[in-house]
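Below is one structure, written out as structure tokens, with a few remarks after it.
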Amino acid sequence: MSGESERKETMTRVGVILSGCGVYDGSEIHEAVLTLLALDRAGVEAVIMAPDKTQAHVVDHTTGEPTKEKRNVLVEAARIARGEIIDVKDADPDELDAVILPGGYGAAKNLSTFATDGERCEVDADVRKLLEELHAAGKPIAALCIAPTLVARIFGEELEPELTIGSDEATASALEAMGAKHFEAKVSEIVIDERNRIITSPCYMLPARISEIAKGAEKAVQALLTMAKETAGATK
């Protein structure tokens, strides 16, 4: 038992911030699961988290239409996490080596208000606090699909981060209006901002097969872990 405890103590820990369960009102499930698979294959401990709050709305995924239901972001995200999940506000940045945000409309509806407010959006206070603390500690951040909009909103004016959401002109313009620099990328490609230690990939911002999404998620995770090792080495 002591060996297992020691292994967990020294294992790289990556926060995975989810926004619910389902592409139209929460986390994009393929992106979330493929991210978790890539982390596990790399021998990394995923610390899955989500804000404990009511979703912006609930969408019937068979029709794409909103319903009158009320659901909780943390409770819904726990479906993907198989119950192993914490509230974002309880996450300790000192115990994380990096963080990654899968996409899905929940990132723009529950983690931020980008879906309704565009470039004038607000980011969930607890999510913002965690990302700011991790960045201040030199720990890398990765964001997939629409999630780079949160990075732009938080860091855009100060850091001018280099990001991608693929090639959607309207979203790219919003990123740049928030202070980021947008770079076009294909679905399975990544953009690495070495200066700000940020990695982004378009994933389902572009039409794609799940195998292509897997490539993008894998590349993003590998780049994130490389940066995390660099940070750990610099602090020794």
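The values are calculated or read from the model by the stated rules, or taken from the named source; none is laboratory data. Everything quoted here is computed from the prediction, not taken from an experiment. Cβ sites come from the backbone with ideal geometry, for glycine too, and all protein chains shown count toward neighbours.
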Review point. Just one of the numbered conditions (1) in contact with a strand residue (DSSP E or B) (Cβ under 9 Å, 6 or more places away or on another chain); (2) closer than 26 Å to P207 by Cβ; (3) among the polar types (S, T, N, Q) is not true of N72; which one?
Key: (2)
Revision key, fill the gap. Checked segment 158-173 for anything outside any loop (DSSP other than H, G, I, E, B) and touching a strand residue (DSSP E or B) at 6+ places or on another chain (Cβ under 9 Å); matches are L159, E162, L163, T171, A172, S173
Study note, to complete from the structure: Those residues of segment 58-80 which are over 15 Å from E28 (Cα atoms) and touching a Ser or Thr at 6+ places or on another chain (Cβ under 8 Å) amount to K70, R71, N72
Check your understanding: Does at least one position in segment 17-25 carry a residue that is assigned to a helix (DSSP H, G or I) and either modelled with pLDDT under 95 or not aliphatic (A, V, I, L, M) (or both)?
Key -> no
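Being small (G, A, S) and closer than 16 Å to S27 by Cα is the filter; apply it to segment 198-215 and report the residue that is surrounded by the fewest Cβ atoms within 10 Å (Cβ to Cβ). Can you show your working first?
Of the residues in segment 198-215, the ones small (G, A, S) are 201, 208, 211, 214.
If we keep only those that are closer than 16 Å to S27 by Cα as well, we get 201, 214.
Working: S201: 33, A214: 20.
Per the stated criteria, the residue is A214.
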Check your understanding: So which of A147, A142, A172 ends up being more than 18 Å from E31 (Cα to Cα) and of a type in the set (G, A, S)?
Key -> A172
Point to revise | Where R153 falls short, out of the listed (1) farther than 21 Å from L206 by Cα; (2) out of contact with any Asp or Glu (no Cβ under 8 Å at 6 or more places or on another chain) | key: (2)
Revision key, fill the gap. In segment 181-236, residues that are assigned to a helix (DSSP H, G or I) and either touching a residue at least 40 places away in the same chain (Cβ under 8 Å) or closer than 30 Å to D94 by Cβ (or both) total 25
**Study point:** Among the residues listed as A115, A136, A91, A81, the single one being under 25 Å from I192 (Cβ atoms) and either of a type in the set (K, R) or touching a residue at least 12 places away in the same chain (Cβ under 8 Å) (or both)
**Key:** A91
